[in-house]
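Each remark here refers to the structure printed beneath this line.
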Amino acid sequence: MRNRSVTYSSEATFQALSDPTRRAVLDLLCRGAQPAGKIAASFPVSRPAISRHLRQLRKARLVVEHRSGRHRLYQLNPAPLKAVDSWLQHYRRFWEINLTNLKNFVESEYARESDLKK
């Protein structure tokens with residue numbers, strides 16, 4: 001994708017995150033920049049397979065590639081994950097409200113049953 005501008009797409013981010021190997025690569029890169037060979041050595045799949053995963057992560061702008069001599073270093077780019085976090089925030093609120101309501105219901109039922117036993 002040299003000399004072509006890449007438009008950020010939250011859809012590309014979700015697609016890249018849909019694969020467990022790509023998520024594991026991101027987890028690995030949370031520790032810092034890693035050369036492609038070290039990333040590939042961390043997984044039981046072929047180097048070309050890891051290369052394809054890294055390409056998908058680059059397309060989604062979740063990783064940034066830097067060249068250092070013959071080595072390609074990959075670094076996590078957390079910026080696109082903000083869109084994921086924003087999307088998840090809606091569901092966090094949903095579950096917080098529903099779990100709080102469930103907690104209140106269970107506690108009130110427990111208190112009511114305790115009062116009936118007295």
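With springs connecting C-alpha atoms under 10 Å apart, model the chain as a Gaussian network and identify which of ILE39, ILE50, ILE97 has the largest mean-square fluctuation.
Result for the chain, Cα springs under 10 Å: ILE97 fluctuates most.
Distance in nm between label sites at HIS71 and ASP115, each 7 Å beyond Cα in the beta-carbon direction?
In this crude label model, HIS71 to ASP115 measures out at 6.9 nm.
Measure off 7 Å from each Cα along the Cα-to-Cβ vector at LEU28 and SER51, then give the distance between these two points in nanometres to one decimal.
My value for the distance between the label points is 1.5 nm.
How large is the charge dipole for segment 49-90, taken about the Cα centre, if only the Cβ atoms of Lys, Arg (+1) and Asp, Glu (-1) carry charge, to the nearest 20 debye?
Using Cβ point charges on Lys, Arg, Asp and Glu, segment 49-90 gives about 300 debye.
Report the paramagnetic label zone for ALA36: residues of segment 75-99 whose backbone N is under 14 Å from a point 7 Å from Cα along the Cα-to-Cβ axis.
Flagged as within label range: 75.
Run lengths n ≥ 4 of DSSP H only: what is the helix-derived mean residue ellipticity at 222 nm for the chain, with -39500 (n - 2.57) per run over all residues, to the nearest 500?
Value at 222 nm, helices only: -20500 deg cm²/dmol.
Which Cα, out of PHE43, LEU57, GLY69, lies furthest along the positive dipole direction of the chain (beta carbon charges, K/R +1, D/E -1)?
Comparing the listed Cα positions along the dipole, GLY69 ranks first.
So if each residue of separation counts as 0.36 nm, and I subtract the Cα-Cα distance between GLU11 and ALA79, what length gain in nm does that give?
Stretched fully, the GLU11-ALA79 segment lengthens by 23.1 nm.
Sort 106-113, 53-60 by the packing proxy (mean of other Cβ within 10 Å over each peptide's residues), most packed first.
53-60, 106-113
No value in this document is a laboratory result; all are computed from the given coordinates. Not measured: the values here are computed from a predicted model. So basically every Cβ, Gly included, is an ideal-geometry build from the backbone, and we count neighbours across all protein chains shown.
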